[in-house]
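Undergrad: Let me begin by handing over the structure; questions about it come next.
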């Protein structure tokens with residue numbers, strides 16, 4: 001895959017200014033799409049700035065948990081850029097803290113951005129997508145499949161994203177709109193760079209992964225590009241782990257020799 005799989009397609013990517021979101025935007029453009037980034041703050045790197053000058057990338061400031069702002073944003077996209085074909089719900093936040101001490105406001109903020117935001121964006125986007133078919137990809141997490149101690153709000157929100165993905169896929173298949181989720185594993189991004197820059201932490205986390213390395217944002221972007229393309233035309237309602245084999249390796253971390261029989 002590579003080149004023009006998404007020629008003449010119009011896409012929205014939430015949270016597309018850095019990390020995985022930025023990589024997704026750049027990959028969709030390389031495949032021929034025009035992309036509008038929705039986010040709270042416009043922080044384009046040099047590549048995105050150049051793509052913006054070329055009329056391939058756009059930005060609209062929103063809070064993804066605010067319906068009024070989203071209604072305005074999607075209306076602008078459909079009239080000023082082109083009727084929507086693709087939605088990638090990538091915007092998300094973390095809020096470390098055990099459930100026993102987590103503040104209600106912290107819980108609400110994570111759920112509002114990570115789960116409600118996807119619901120609102122998708123509910124608004126389906127109005128255009130149902131006219132000609134299309135694709136939605138929601139960025140979940142391996143933490144939505146397996147719990148992550150100290151990240152209860154985040155893990156709960158991402159588990160919700162996976163079920164919401166399946167629900168939307170079931171209800172919107174009648175419109176030829178496919179909905180899938182991607183569940184990244186440990187990916188090196190600006191958010192965790194301060195951790196992974198420590199050689200000991202980097203080595204310890206890499207050792208947990210069967211492929212023995214940390215993933216890159218481009219490796220998530222490639223899967224997203226596949227899922228929104230015609231190459232995945234019979235695929236919907238799936239949550240795809242992209243984790244170097246981490247989720248399937250839990251047994252290998254149990255100390256002691258394997259027991260047969």
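The values are calculated or read from the model by the stated rules, or taken from the named source; none is laboratory data. All of these numbers come straight from a predicted model, not from anything done at the bench. With ideal geometry, Cβ positions are generated from the backbone for all residues, glycine too; neighbour counts draw on all protein chains shown.
Results for (1) without any contact (Cβ under 8 Å) to a residue 40 or more places away in the chain; (2) assigned to a strand (DSSP E or B); (3) surrounded by 14 or more Cβ atoms within 10 Å (Cβ to Cβ); (4) touching a helix residue (DSSP H, G or I) at 6+ places or on another chain (Cβ under 8 Å), shown as yes or no for each residue.
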| site | (1), (2), (3), (4) |
| --- | --- |
| 147 | yes, no, no, yes |
| 155 | yes, no, yes, yes |
| 158 | no, no, yes, yes |
| 161 | no, no, yes, yes |
| 166 | no, no, yes, no |
| 174 | yes, no, no, no |
| 179 | no, yes, yes, yes |
| 182 | no, yes, yes, yes |
| 194 | yes, no, no, no |
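Undergrad: Continuing with the same structure: Test each condition in (1) over 18 Å from the mean Cα position of the chain (by Cα); (2) over 22 Å from residue 32 (Cβ atoms); (3) not in a helix (DSSP H, G or I) for residue 106 and report the one that comes out false.
TA: In the conditions (1) over 18 Å from the mean Cα position of the chain (by Cα); (2) over 22 Å from residue 32 (Cβ atoms); (3) not in a helix (DSSP H, G or I), residue 106 misses (3) alone.
Undergrad: Here is a follow-up. What do you reckon, is residue 4 more than 24 Å from residue 156 (Cβ to Cβ) and exposed (fewer than 13 other Cβ atoms within 10 Å of the Cβ)?
TA: Yes; evaluated as a whole, the condition is true for this residue.
Undergrad: Hey, another quick one. Taking the stated definitions as given, is residue 88 at pLDDT 95 or above, within 16 Å of residue 22 (Cα to Cα) and either assigned to a loop (DSSP other than H, G, I, E, B) or in contact with a helix residue (DSSP H, G or I) (Cβ under 6 Å, 6 or more places away or on another chain) (or both)?
TA: Judged against the criteria, residue 88 is a match.
Undergrad: Going by the conditions given, is residue 82 modelled with pLDDT of 95 or more, surrounded by fewer than 18 Cβ atoms within 10 Å (Cβ to Cβ) and over 22 Å from residue 222 (Cα atoms)?
TA: In short, yes.
Undergrad: Further question on the same structure: Using the structure shown, decide if residue 7 is assigned to a loop (DSSP other than H, G, I, E, B) and farther than 21 Å from residue 136 by Cβ.
TA: No; evaluated as a whole, the condition is false for this residue.
Undergrad: Restricting to segment 197-215, name every residue that is more than 18 Å from residue 142 (Cα to Cα) and surrounded by 13 or more Cβ atoms within 10 Å (Cβ to Cβ).
TA: 201, 202
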